[in-house]
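One structure is given below, encoded as structure tokens.
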Amino acid sequence: MNLDTRTYSQLIAGEVLAVETLLEGRPQYFDPDNIDEADDEDTIRYRWALNELELPNDYDPADTLADYLNNVALEVTWLSTNSSRDDYKKTRAEILRTCGGPRCEIIRDSTDGQQIEINTYDAGQGVDSIRVWAPILAEQLDELAAEMGPQ
């Protein structure tokens, strides 16, 4: 694993955290027209997320997941299976973020609690993995995988 692979994993982890922040919704005191005012912690985090994803201040956070999957992901694979031992549906979303340089995948597996895994592969097939706590994104990806994945 080289430093470039690690750095790239961290950049994509930042994207995932930004998506999670926007999925939390617009903060109560957020004013998209006033970028000079002193902001509370939630508004500062929200402004960071907009900046991280290169989105305008008046962006509608309700579009976050659809926009991310449609505009940034190269490919999304949805998997879904019913457990034979119980009524629990196991799901998995595999999002190909980049290829042709470091290959980066964002993986959501319903057995991973509320975590999202980022795997970045270098040319020598070394891998750098980072896990990010993102409960809202995890839940939404699980729901989409259950709906769209092969049964």
Original post:
Rounded if a/c is under 1.5, else prolate if a/b is larger than b/c, else oblate: which is the chain, with a ≥ b ≥ c the root eigenvalues of its Cα gyration tensor?
Top reply: oblate
Original post:
With helices defined as uninterrupted DSSP H runs, which ones in the chain have an alpha carbon span along their own long axis of at least 15 Å and mean Kyte-Doolittle hydropathy of at least 0.0?
Top reply: 3-23, 135-148
Subject >> Inter-label distance for residue 89 and residue 117, nm, one decimal - labels placed 7 Å from Cα along Cα-to-Cβ >> reply: 2.2
Original post:
Leaving out ligands, DNA and RNA, what percent of the accessible area of the chain is carbon and sulfur, probe 1.4 Å?
Top reply: 47
Original post:
For residue 97, what charge total do you get from the other residues with a beta carbon under 9 Å from its beta carbon, if Lys and Arg give +1 and Asp and Glu give -1?
Top reply: -1
Original post:
Excluding ligands, DNA and RNA, what is the solvent-accessible area per residue of the chain at a probe of 1.4 Å, expressed in Å²?
Top reply: 58
Subject >> the range 106-151: C-alpha gyration tensor shape, a/c 1.5 cut-off, then a/b vs b/c >> reply: oblate
Subject >> Space enclosed by the convex hull of the alpha-carbon atoms of the range 1-73, per residue, Å³ >> reply: 101
Original post:
What 222 nm value per residue comes from the helices of the chain, counting each DSSP H run with n ≥ 4 as -39,500 (n - 2.57) and dividing by all residues, nearest 500 deg cm²/dmol?
Top reply: -11500 deg cm²/dmol
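The values are calculated or read from the model by the stated rules, or taken from the named source; none is laboratory data. This one's a predicted model, so the numbers in the text were calculated from it and none came from an experiment. So basically every Cβ, Gly included, is an ideal-geometry build from the backbone, and we count neighbours across all protein chains shown. Just so you know, the surface numbers come from the protein's heavy atoms only, side chains and all, with ligands and any DNA or RNA stripped out. Shrake-Rupley method; radii C 1.70, N 1.55, O 1.52, S 1.80 Å.
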